[in-house]
1. Calculate the dipole size of the chain relative to its Cα centre from +1 charges on Lys and Arg beta carbons and -1 charges on Asp and Glu beta carbons; express the result in debye to the nearest 20.
2. State, to one decimal in nm, how far the label point of Gln93 lies from the label point of Ser13, with both points 7 Å from Cα in the Cβ direction.
3. Please give the peptides 186-193, 223-230, 350-357, 444-451 ranked by average Cβ packing (other Cβ atoms within 10 Å per residue), highest first, as a rough proxy for protection.
4. Near the amide H of Val26, under 5 Å away, which other amide H atoms are found, from residues 5 or more places off or on another chain, if H is placed in the peptide plane?
5. In straight Cα distance, which lysines are under 24 Å from Lys260, not counting same-chain residues fewer than 8 positions off?
6. Roughly how many whole Å is it from the C-alpha centroid of segment 319-395 to that of segment 1-17?
7. On a full-extension model of 0.36 nm per residue, what is the gain between Asp145 and Met1, subtracting their alpha-carbon distance, rounded to one decimal in nm?
8. Where the convex hull is taken over the Cα atoms of segment 1-157, what is its projected area averaged over directions, in nm²?
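Taken together, the values in this text are just the output of simple stated rules run on the coordinates, not laboratory data. Keep in mind it's a predicted model, so treat the numbers as computed, not measured. Here Cβ is always computed from backbone atoms with ideal geometry, including for glycine, and neighbour counts include all displayed protein chains.
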Amino acid sequence: MEYVLALDQGTTSSRAIVFDREARVVSVAQREFRQFFPQPGWVEHDAREIWATQHGVALEAMERSGADPSAFVAVGITNQRETTVLWDRRTGQPVAPAIVWQDRRTAPRCDQLRGDARAAARIQRKTGLVIDAYFSGTKLEWLLDRVPGARARAEAGELAFGTVDSWLVWKLTGGRVHATDPSNASRTLLFNLHTQDWDDELLALLRIPRAVLPDVVPSSGVLAHTEASLFGVALPIAGLAGDQQAATFGQACFAPGMAKNTYGTGCFMLMNTGTVPVASRNKLLTTVGWQGPPGPHRTAYCLEGSVFMAGATVQWLRDGLQVIQSAPEVESLAAQVDDTGDVYLVPAFAGLGTPDWDGYARGTLVGMTRGTTRAHVARAALEAIALQSADVFAAMTRDARIPLKELRVDGGASRNNLLMQMQADFLGVPVVRPQVTETTALGAACLAGLATGFWSDGAQLAAQWQADRRFEPRLAEGERLAKLARWREAVERAKGWARP
Ligand code: ADP
């Protein structure tokens, strides 16, 4: 038997999953790591901890599979995106804490960049992104400016920048390879979607020296081998993609018009738009889905909507508000009431992403009365996840011009049946959950497995995709629209709260 190892480096935990040729999960290992919130709006990780947990779970998953290390034919990597790491090329040590995608510290700088409307339009056209603190560019600029000596050292070629994929490749290859793939690069504000390369004008604008940047390599293809000392054998690293693009691949959304939504820390909806980038007219992002493997899946572009707080809202109920002890408990608590009693929770704890793009919005709970209980709040939290996704879906439908017939779902919170029913109700189209909800890791495994001939083509992968459950919409259209309109009123109340 032969296997593919997928490394899934997430925002709150590092996971490793071993897949067999039928794309079945053979073994899993997972370890959480620390989140740092040093100031309001700041979120940091320790990149050393990211590497240590990722290496640890990879070894654990390989061991649990019972297979000899030589039975592993490829490694695929998928990762939390945009999170920015800057390290010393000589020592391999980070020079500062990693700035996580949720971090808002560069919101004022983004205001400044948006101030020049013409430059802003050019950035948007080249990158497919909106100017927001979410993306790596201003985070990297911040590190180069604030870490003593960093800018001079970066210009001298002593420092390396990477998103988490690059950091892991660096560590896996013992510092031999500094690379990223287009799906990750397209989240930096530094990468030109049309030329598929770093862009000198963007680099100049954000004052980023080219010497810090990784090489851009295909998402599917052998890019290096791991250091033999790490796993006992040198394994080919053959897949590399940001988590949301990997999940889109793992959901077999290979044809234009197919879309998926992942319910993890945040919610990320991606729709395949085919082989050319499509500019959004509704504040969605244009992004590279994946590059390679050769054949019909050569390069795919996607439209994306990003919701910053989804499952993390449930974490906040658990850890911040302490009204539940575990995330799955939210379902039974929310089911204690039939509705929220007109209470809305706008989870703008880290600003708002698509379609509002407001870095200064903050969490808001509106509509409470003396009768409001923690069950209402829990239900409002679940509704908020589904309502934010419904806003994204509406934008996507407008951009796509063809009605989306259904939505494929995955991610930790997609196990919540109440939430999935709400989602179908608020979208007005069926929501379909696959049997394998580990689609992010599966996508990374597929990219690696296709590159090494472990799987022959996408058709084989698409055939392996199987539905577990389909949630049909139950709300009358009038009720659905009224609900969405009421939600938008609540969102308006959350906007701009933290604006200086
Ligand atoms: P990530 O990869 O972003 O770390 P996961 O896909 O592992 O996220 O999903 C974990 C998230 O899902 C957490 O934020 C958690 O609060 C949420 N979650 C897990 N189970 C449930 C559930 N049954 N209902 C609602 N949210 C859940």
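1. Working: 52 positive and 53 negative charges, 198 e Å.
Once rounded to the nearest 20, the dipole reads 960 debye.
2. Distance between label points: 3.1 nm.
3. Ranking the peptides 186-193, 223-230, 350-357, 444-451 by packing returns 444-451, 186-193, 350-357, 223-230.
4. Under 5 Å from the amide H of Val26: Val18, Phe19, Asp20.
5. Candidates past the 8-residue exclusion: Lys283, Lys405, Lys483.
6. Here the two parts' Cα centres lie 30 Å apart.
7. Values: separation 144, 0.36 × 144 = 51.84 nm, distance 5.09 nm.
That works out to 46.7 nm of additional length.
8. On the way: hull surface 47.2 nm².
It is 11.8 nm².
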